[in-house]
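Okay, so here's the structure we're looking at.
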Amino acid sequence: MPQTIISLSTRGAGLYEFTDEAEAFVRKAGLEEGLLTVFVRHTSCSLLIQENADPDVNHDLARFFKRLVPPSDDPSMGWIVHTAEGADDMPAHIKAALTQTSIGIPVGQGLLMLGTWQGLYLFEHRDRPHHREVVLHLGR
């Protein structure tokens, strides 16, 4: 079965769309029907399928998660023990635990069967830039 690893560079917290890269991988594989499994190889970012028509959606999601799980230097997060990698690290792990690190997307007629406004995103939860790896695996 076809498999690849794609690299994504982030500029800090936020959503980074990589639908085009996933679609190109599926096209190149030439499989008409199957399942694309997408897996991120990190514990402080996650994956989302989300609207890709209005950038306000991504902005609002990022703000919601920042309010839901603020940095560990926020007084409300005084219970956090893991702070060695910065005030954003443990909150990033919590955000990743609340979302997902793997997504399955059906493939039909050689195309991802995403809805009209759906896009595939890496959700970076750390404040500083990172180099992220995402595994794409296409199976029948």
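Tabulated data
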{"quantity": "In segment 118-140, residue surrounded by the most Cβ atoms within 10 Å (Cβ to Cβ) [restricted to those that are at pLDDT 95 or above and not in a strand (DSSP E or B)]", "calculated": "H125"}
{"quantity": "Residue match in segment 32-50 (condition: closer than 21 Å to D127 by Cβ, among the charged types (D, E, K, R), exposed (fewer than 12 other Cβ atoms within 10 Å of the Cβ) and out of contact with any helix residue (DSSP H, G or I) (no Cβ under 8 Å at 6 or more places or on another chain))", "calculated": "yes"}
{"quantity": "Among (1) in a strand (DSSP E or B); (2) small (G, A, S); (3) without any contact (Cβ under 8 Å) to a residue 60 or more places away in the chain, the one test that G115 misses", "calculated": "(1)"}
{"quantity": "Matching residues, segment 29-67, being touching a residue at least 12 places away in the same chain (Cβ under 8 Å), farther than 16 Å from S102 by Cα and not in a strand (DSSP E or B)", "calculated": "A29, G30, L31, E32, E33, N52, A53, N58, L61, A62, F65, K66"}
{"quantity": "Residue identified as crowded, with 17+ Cβ neighbours inside 10 Å, hydrophobic (A, V, I, L, M, F, W, C), out of contact with any helix residue (DSSP H, G or I) (no Cβ under 9 Å at 6 or more places or on another chain) and not in a loop (DSSP other than H, G, I, E, B) among A92, A24", "calculated": "A92"}
{"quantity": "Residue match in segment 8-16 (condition: closer than 21 Å to H137 by Cβ and at pLDDT 95 or above)", "calculated": "yes"}
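The values are calculated or read from the model by the stated rules, or taken from the named source; none is laboratory data. Since the model is a prediction, treat every value here as computed from it, not as a measurement. Every residue, glycine among them, receives a Cβ derived from its backbone with ideal geometry; neighbour counts consider all protein chains shown.
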